[in-house]
Structure formats: C-alpha cells, structure tokens
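Report on the structure given below.
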Amino acid sequence: MLRMWFIFVCITLLPFLSQAKEGQEASFEYPFLLGEWYIVNSEPDANQDDFLAIRMRFNSQYYFTLDIQKRDYSVERWEGEYHANDDTLMLGSNSQAPQVYAYKTTHNRLNLNGIIFKKNLSKPLAGLWSSRVLSGDDLLASKVKKVDLVLQPDFIFMFRTSGIEGQESVRHGIYYIEDDHLVLLYENGETQSNYNLQDDTLTLSGSGIDMYAELTRVR
C-alpha cells in the first residue's frame, strides 16, 4: 500500500522559526511542512508503480490529505489528522491504525523513504511585485514610501522597503501560503499578511497590524 512508503524521513529547519519579535514562538512550529506536495510518475509504462501522480497537503490545523491518481485515472484519497515533532510524522493520528514515520524536509522538498516530493505553488504568485498603494497607520508611521517583493517559484523571497528619507531595508528568507495567508519567514522573525490576487494586482493587508498594500506585477 502506498501509504506504507512513509517509512524514513527526519526534519531539518532553517533558523527562521521565531516570531517577528525575538523570543516568541512561530505561529506554526513546523512551517516547512505546510502546503501542497506532489510527485509525478514520469515513466508509467516503464515501471511497476501503480500511480500517475501523488499529491499531499498539510495545513496548520494538523489535517492532511493524500490523493493518489492511479493508472486508470481513478483517485484514491486518504485524509485525517496528523502529528509532527522534530523527527517523527504520524499520519492518521485520529484513526484506528495511525502510521508513524521519520521524515526530512526543506522549504521546497520533502523526502519520504528516498522518494522526493516537490512543493507546489498552487497560485501564480511568483514574480516581482512593486507597490502602487500603501496605507494604514502602522505602515505610514514607519515612513515607508515604497515596497518591492520578489516571490520566487522555489519559495524564496526578497522584501525591500524604501523610506521617505531614502533609507532602505532588505529581508531575504522563505515564504509559504495557506488559504489566504502569505507568511514570510526570515532570520529571527516572521511576517504574516492576508493576501488577495486579482490578475496582476497583489493586495496585502495586515494580520495584527494596520497596513494595506496594493502591489502590481513588474514581471
């Protein structure tokens, strides 16, 4: 059974797991696990694997889904609760027969028993974005006049703010998305925003702060 593939993996996290204020815990303890992962059987006629593609999703409410598209194009789904710690992943923790495995992940790769899953960017967020509208008391109080955001398809970001007095701040790190939340993880910090994507306009609004930004796609 395909779910028995999850036999060996252990986790490695970069030092991006604290809240924006040092000393606080991150909003989710294992953020590299969150998102959608997939693998495609590139040569279904040349091997015995009974699948065309596999997709897994993990959310921050500790719920997972696993969809297996078989050779006859039918889809087998396994879903339920999961539990994770530094070196163990339990799938189906609310079931009568949970499966417990070790695992290893980076921000865009998940290794399950030597099988490499890639993280999928399900919405066209990748690109270079530049601010058109900035508002909100917290944002304006920081004297920011321009924001540039680069979101790479491999889940690396660059965030640059330019101030009205010519000062500039640049942050680099890892990002992930969940529902309508965009989370930027960087060394000793984390920034969360609600986002909305309409054509080539990306709108960000503060999560816990008064800020609003409309960014247009440069490329």
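Arg160 exposes around 80 Å² of accessible area when a 1.4 Å probe is run over every protein chain in place. Each residue of region 171-185 was assigned a 3J(HN,Hα) from its phi angle through the Karplus expression (A = 6.51, B = -1.76, C = 1.60, θ = phi - 60°), giving 10, 10, x, 10, 10, 9, 10, 8, 6, 9, 10, 10, 10, 9, 10 Hz with x at Gly and Pro. Residue-wise HN-Hα couplings along region 49-59, as the Karplus relation 6.51 cos²θ - 1.76 cosθ + 1.60 with θ = phi - 60° gives them from phi, are 5, 8, 8, 9, 7, 10, 10, 10, 10, 10, 10 Hz; Gly and Pro carry x.
Inter-part distance, region 106-150 to region 50-97, computed on C-alpha centroids, equals 26 Å. One chain, two ends: Glu79 and Arg109. Fully extended at 0.36 nm per residue, the span grows by 8.7 nm beyond their Cα-Cα distance.
With a simple spin-label model that places each label point 7 Å from the Cα along the Cα-to-Cβ direction, the separation between Glu165 and Gln69 comes to 5.5 nm. For region 126-142, the Karplus equation 6.51 cos²θ - 1.76 cosθ + 1.60, evaluated at θ = phi - 60°, returns couplings of 4, x, 9, 10, 10, 5, 10, 9, 10, 8, x, 4, 5, 5, 5, 5, 7 Hz by residue, with Gly and Pro reported as x. Around the amide H of Tyr176, modelled in the peptide plane, lie the amide H atoms of Val183, Leu185, all under 5 Å away and 5 or more residues distant in sequence or on another chain. For the chain, the spread of Cα positions along the three principal axes, ordered from largest to smallest, is 63, 38, 24 Å.
When the GluC sites (Glu not before Pro) in region 130-219 are filtered for DSSP coil states and for at most 14 other beta-carbon atoms within 10 Å of their beta-carbon, the remaining sites are Glu165, Glu187. The orientation-averaged shadow of the Cα convex hull for region 95-219, equal to a quarter of the hull surface, comes to 10.1 nm².
The values are calculated or read from the model by the stated rules, or taken from the named source; none is laboratory data. It should be emphasised that the depicted structure is a prediction, and the values quoted were computed from it without experimental measurement. Positions of Cβ are backbone-derived with ideal geometry, glycine not excepted, and every protein chain shown enters the neighbour counts. Ligands, DNA and RNA are stripped out before the accessible areas are found, and what is left, the full protein with its side chains, is counted by its heavy atoms. Shrake-Rupley method; radii C 1.70, N 1.55, O 1.52, S 1.80 Å.
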